[in-house]
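What follows is a short report on a single structure.
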Amino acid sequence: LEASFQPKPLAGRRVLLTAGPTFERIDAVRGITNSSSGKMGFAIARAAWEAGAEVVIVAGETAQATPPGCRRINVLSAQEMLTAVEQEVDDADIFIAVAAVADYYVLNPSEQKIKKDAHILTLELAPNPDILARIATRPQPPFCVGFAAESENLLEYAEAKRKRKHLPLLAANLVQQAMGADDNEVILLDDNGEHRLPRGLKLDVARKLIGHVAQLYVHGKT
Ligand code: CTP
Ligand code: CA
């Protein structure tokens, strides 16, 4: 049994998470997606449960097993993810957006499989809703945590993202280091500045992140 959180800092709290990629349909057999194994999101779900929280995961297509004690809602597209999050969010104290949401969807997906021909095929893409920004700007938002996977200018881009989305906490990492791997290195950004977590297994990083969330949310300090 896990002794990582004793006493349990999130006992009685409800945590809602998004995890994994979204999938935007092009036709009956194809789509656009983001690279995301779902490992980090599911590790955070497990860590939140270990910390005593009631956990709901809204998950895109991923091979991850549902951690013990967590309720899971499977979705495909960003729009479906938003709908599921909006249905669950009123009950949530803490919302953690870990999903790699596709920024665009295909405007007119084809019911039938598109046949190839010799011409150039153009897809029309329209922007998806920003799930995290929508939740964070509600009148009475849950405590919102975002992720920023950047390929360059990590701290600058991540802090700009935190401000733009009105987040009390954001976890930043370099995509080159994290994608698909079992370990990760993240920097937490909050109103008090930067907190570098040591590189480690995603579950260990997740436990430290949840510990930080609990301190900020429950005690209002870092
Ligand atoms: N996010 C979201 N809904 C979206 C896009 C992003 O909920 N449509 C969330 C992600 O889950 C993550 C955070 O917002 O927690 C940042 O996602 P990211 O893709 O890094 O940022 P964007 O705002 O989409 O900006 P860009 O991709 O241009 O860097
Ligand atoms: Ca994005």
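The numbers here are math on the coordinates, done by the rules we state, and not lab data. These numbers come from a predicted model, not from an experiment. When we count neighbours, we look across all protein chains shown, and the Cβ atoms used for this are built from the backbone with ideal geometry, even at glycine.
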Points 7 angstrom from Cα along the Cβ direction at S151 and R25: gap in nanometres? 2.9 nm
For region 49-59, in residue order, the Karplus 3J(HN,Hα) values (coefficients 6.51, -1.76, 1.60; θ = phi - 60°; whole Hz; Gly and Pro = x) are 5, 4, 7, x, 6, 8, 10, 10, 10, 9, 10
DSSP loop trypsin sites (Lys or Arg not before Pro) in region 87-144 with at most 12 other Cβ atoms within 10 Å of their Cβ, which ones? K113, K115, K116
Centroid-to-centroid separation of region 88-105 and region 47-85 [C-alpha atoms, Å]: 10 Å
FRET efficiency estimate (nearest 0.05) - Cβ-Cβ, V175 to T122, R0 35 angstrom: 0.80
For the chain, set up a GNM with springs between Cα atoms under 10 Å and report which of Q64, Q112, Q176 has the largest fluctuation. Q112
E80 label point, 7 Å along Cα→Cβ, cut-off 15 Å on backbone N: hits in region 40-72? 58-63, 72
Non-local amide H neighbours of A100 (under 5 Å, H modeled in plane, Pro and chain starts lacking H): which ones? G20, T22
For region 1-101, one quarter of the surface area of the C-alpha convex hull, expressed in nm², comes to 6.4 nm²
For region 22-168, just say rounded, prolate or oblate: build the C-alpha gyration tensor, square-root its eigenvalues into a ≥ b ≥ c, call rounded for a/c under 1.5, and beyond that prolate if a/b exceeds b/c, oblate if not. prolate
Note on region 118-222: alpha-carbon gyration tensor, axes a ≥ b ≥ c; rule is a/c under 1.5 for rounded, else prolate if a/b larger than b/c, else oblate; result oblate
Here the relative contact order (percent) of the chain, from C-alpha pairs under 8 Å and at least 6 apart, is 20 percent
Apply the Karplus parameterisation 6.51 cos²θ - 1.76 cosθ + 1.60, with θ equal to phi minus 60°, to every residue of region 61-74 and state each ³J(HN,Hα) to the nearest whole Hz, in sequence, with x for glycine and proline. 5, 8, 8, 5, 7, 5, x, x, x, 9, 8, 10, 10, 8
If you take the charge dipole of the chain about its Cα centre, with +1 on Lys and Arg Cβ and -1 on Asp and Glu Cβ, which of A11, T66, L155 is farthest toward its positive end? A11
Ranked highest first by the average count of other Cβ atoms within 10 Å around their residues, in what order do 29-39, 119-129, 199-209 fall? 199-209, 29-39, 119-129
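With Cβ to Cβ distances under 13 Å as the rule, what net charge do the other residues near E150 carry (K, R +1; D, E -1)?
-2
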